[in-house]
Amino acid sequence: MLRLALANIRQRLMRTLITVFAMFLAAAVATSAMSLALGIARGGYNEYRAYYGGDILVFTPTFVGATATPTAHGAVHSAILYDSGFSLLRTIFPHFQTEGYLGLAQFPYVPISETQLQGLAAQAGVGAVRPKYIMPGAIDRWPVSIRVVAESLTEHLVEGRVPRPTSQDGELEVVVNAYGSPPARVGSSITLDVPVFRVGASGVPQADFSQAPRQYTARVVGIAAWPTREITFFRGPEEPPISEQGFVHSSEVYLDGQVWRTLWQEQSRGAPYPVLAVALSVTDLSQLNVTAGALRRAFPALSVMTVPEIARHVERFGLLDQFYRIPAEAWRPADGEVQQAHVPVELGLTGAILMFASAGMLLAGQMLAGLAERRKEIGILKALGARRRDIVGMVLTEGLLLSALGAVLGFVVVRGLAIHRELANQVSWLEVLRGTLEELLVVFGLTVVVALLFSAVPAAKMSQLPVMEVFRSE
Amino acid sequence: MNEILRTERLNKAFHLGETIYAVSDVSISIPAGKITAIVGPSGCGKSTLLSLLGGLDRPMSGDVLLEGQSYRRLSEDALALMRRRRLGYVFQFFNLIPHLSALENVMLPMSFVGTARAQAREKARELLSAVGLSKRLNHMPLQLSGGEQQRVAIARALANAPSLVLADEPTGNLDSKAREDVVELLTRFNVANSQTFVIVTHDDSVASVAHHVIRMADGRVVNQA
C-alpha cells in the first residue's frame with residue numbers, strides 16, 4: 001500500500017506539487033516563527049542571560065567612584081568592572097550572580113527604592129524581578145559569606161536538600177560548601193557568626209566587624225559543591241600534565257532568602273536592604289527592546305540596559321573573562337542595532353497554524369476532487385481483496401507523505417538558516433540540537449495532525465465506495 | 001463430482017423504476033479443477049452472477065458456498081480476506097492499476113497477504129514469464145497492447161495461487177489472436193495447476209474449452225451441461 005501511495009503521489013504530480021508547496025510554506029512559517037523570534041534567546045543570549053539572571057539589568061547610575069560616569073553605559077561599565085575586577089569569585093564562578101554573592105562593596109551607590117522596585121515589577125512586559133544583593137562579608141571570617149539560596153543550588157547539591165524558609169523546630173537550616181572550612185556534615189549543627197550590618201552614608205551595605213557578631217545555631221541540611229574550570233597541574237618537563245575538575249574552596253553557607261532578610265533585619269536594626277541592581281525577565285523576548293524602551297521612559301533616573309547591549313559593551317571593553325565572552329559580531333546586525341524579531345512568537349505561531357490549516361484544506365480538497373478519477377482504482381483494489389482499512393491506510397499514507405515532504409523541505413531550509421546564524425553566534429551544538437529537536441517536534445507534530453485530520457474525510461469516502469457500483473459505472 | 005462452489009437459490013434484483021431480477025433463483029454447482037463457462041445473451045445476468053460468486057456483491061436472498069463456507073454471515077472485511085486468499089479475478093477491461101508497472105500490478109495481491117517483497121517480485125516474474133511477458137515486466141499498462149494487458153491481469157489473478165479464478169468476458173475486448181492466446185493460457189493453467197476457472201463469456205471458442213457450461217437467460221439458469 002505504501003508503494004501504491006507513492007505511485008499515486010508520482011502520478012498526480014500537480015496535486016503533489018500544490019500540496020507540498022502549501023505544506024512547505026506552513027512548515028517554513030512555523031519554523032521561522034520559533035527560530036527567528038527565539039533565535040537570539042536560544043543563542044548567545046541565553047548564555048549571557050544565565051550569567052546576569054535576567055533579560056534586562058536596571059542599575060542605579062548614581063554612585064561615587066573613580067570610574068563613575070553619568071551615562072548609563074558608564075554606570076554599567078563601572079558596575080561590571082567593579083563586580084568582575086574586585087570580586088574575582090564572581091568572574092570565575094558566574095553562578096554566584098543570581099540572588100546573592102560575596103561583594104566587598106567599595107563604591108557607594110544610591111539604592112533603588114522600594115517604590116521603584118514595585119514600579120519595575122508593574123511595568124508591562126516585565127516578568128520576574130530579581131534584586132541583586134551585595135552581601136557584606138569578610139574573606140577571613142567564618143562564614144566568609146552568607147548567600148541567599150540561588151536557583152542553581154539544587155544542581156550543585158551533592159548531599160541533602162535545599163534549606164526551607166522555616167524549619168519545624170525553628171532552627172535555621174543551611175547548606176554549606178563541601179570545599180569550605182570547617183568541614184560539616186548533613187544533620188550536624190554549626191555556629192554562624194553574623195556580623196552587625198549597617199548601611200553606609202551613601203547607601204552601601206557593610207559588615208561592621210568592630211562590634212561583636214551575633215551567633216546563630218544552624219542545622220546543616222545539605223552539602224553543595226561548585227565546580228569550576230578544569231585545573232591542569234604541570235609536573236615537570238618529563239611528566240605529562242594532569243587535569244582534574246576544580247571546585248570553589250570557600251567557606252560559605254547558603255540559606256533561604258526569607259531567613260536571610262530576617263537576619264539582615266535583626267543585625268541591621270531594621271534598616272531596609274539596599275538594592276543596587278535589579279535583573280528583570282521579560283514575558284516576551286521578541287519585545288525585549290520595546291520593553292526596555294518603555295522602562296527607560298518610565299524610570300529616567302535609572303540605567304536600563306538589555307543583556308544583549310551589555311554583552312556588546314562587555315565585548316567592546318573586554319570586561320569579562322575570555323571564557324564568558326561571545327564575539328561582538330554576534331550581537332551586531334547590519335543596522336548596528338540589536339537584532340530582535342518584532343513579531344511576537346504567539347502571532348507567528350498563530351499564522352503558522354492558520355497556514356497549516358489552509359494547507360490541510362487544500363490537501364483535503366485535492367483528494368476529494370480526485371475521488372471521481374480514483375473510483376476505478378479503489379474498485380480494483382477492493383476486488384483484489386483490499387479491506388476498508390487498507391484503503392483508509394493508503395489514503396492517509398498519501399496525505400502524510402505529501403505533507404511530510406513539504407514540511408521537511410520547509411523545516412530544513414528555514415532551520416538550516418537559523419542554525420547557521422546560531423553557530424555564528426557561538427551557540428553551543430547542544431543548544432542548537434536542543435532547539436532543533438524542539439522545533440522539529442512542533443512542526444512535525446502539526447504536520448502529522450493536519451495530514452491525518454484533513455485526509456480522514458477523503459479516506460473515509462474512498463473506503464466506502466461499493467465495489468460493484470464502481471464497475472457498473474464503467 | 002467434487003464441487004468447489006455452490007449457490008443456493010440466489011436472487012438479485014435492481015430497482016430501476018421497476019424491479020428487474022438480474023439473477024433469479026439460481027442454484028448451481030461448480031466442479032473443482034475444471035473450467036466452467038457461463039454463457040447467455042447480453043443482459044441475462046451472467047456478470048451479476050459472477051459478482052455474487054466472487055462476493056463483490058450481496059444477493060437479496062440465497063447463499064453462495066465456497067469450499068463449504070457460506071458468504072451469508074461474512075462481513076465486508078471477511079469477504080475481502082476471502083477474495084485475496086482464495087479467489088482470482090480477471091475483468092473484461094483488464095482493470096490494471098495504470099500507474100503501476102506490469103510487475104507491480106502482479107505483485108499487488110501478494111502484498112495484501114503479506115508476501116515478502118523479494119518473494120513477491122520473484123513470483124510475479126515467474127507468472128509474467130509464464131504468460132509470455134518476461135520482456136515487459138517494467139512496462140506500464142498503457143505501453144502494453146490489449147492482449148498483453150489481459151495476460152498481465154491473468155498473472156495478477158493467479159498471484160496468490162487461488163483455488164478459484166473468476167473471469168468476466170476475458171476475451172471480450174481482444175482481437176482474435178489475443179483471444180486465442182488468452183484461451184490457451186486459461187486452459188494451460190487449469191491443467192497445470194488444477195485450478196478452477198469460472199468464465200463468463202459470449203465467446204464460443206472459450207465455451208468450447210469448458211468442461212462444464214451453464215447457460216442463462218433472463219436471470220435464470222436454463223441449461224447445465
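Note on A:Glu159 and A:Val413: with the Förster distance fixed at 45 Å, the Cβ-Cβ geometry gives a FRET efficiency of about 0.35.
Report the GluC sites (Glu not before Pro) located in segment B:1-93 that are in a DSSP loop and have at most 13 other Cβ atoms inside 10 Å of their Cβ, or state none. Those satisfying the criteria are B:Glu67.
If the limit is 22 Å between Cα atoms, which of B:Lys135/B:Lys177; B:Lys123/B:Lys177; B:Lys12/B:Lys46; A:Lys461/B:Lys12 go over it? Too far apart for the 22 Å limit: B:Lys123/B:Lys177; A:Lys461/B:Lys12.
Counting, for every residue in B:84-93, the Cβ atoms of other protein chains within 10 Å of its Cβ and taking the mean gives 3. If the segment from B:Ser194 to B:Asp218 were pulled out straight at 0.36 nm per residue, it would be longer than the present Cα-Cα gap by 5.5 nm. Placing a label point 7 Å from the Cα of A:Ala456 along the Cα-to-Cβ direction, the residues of segment A:375-413 whose backbone N falls under 20 Å from that point are A:388-404.
Scalar couplings 3J(HN,Hα) for segment A:364-379, obtained by applying the Karplus form with A = 6.51, B = -1.76, C = 1.60 to θ = phi - 60°, are 4, x, 4, 5, 5, 5, x, 4, 4, 6, 9, 4, 5, 4, 5, x Hz; x denotes Gly and Pro. Other residues with beta-carbon under 11 Å from the beta-carbon of A:Gln11 carry, at +1 per Lys or Arg and -1 per Asp or Glu, a net charge of +1. Counts of other chain beta carbons within 10 angstrom of each beta carbon in peptide A:384-393 average 6. The label point for B:Ser129 and the one for B:Ser70, both projected 7 Å from the Cα toward the Cβ, are 4.6 nm apart. Between B:Leu144, B:Leu166, B:Leu96, the Gaussian network model of chain B with springs among Cα atoms under 10 angstrom shows the greatest mean-square fluctuation at B:Leu144.
Rule-based calculations on the coordinates, nothing more; no lab input. As the structure is a prediction and not an experimental result, all values here were calculated from the model. Every residue, glycine as well, gets a Cβ built from its backbone with ideal geometry; the counts of neighbours run over all protein chains shown.
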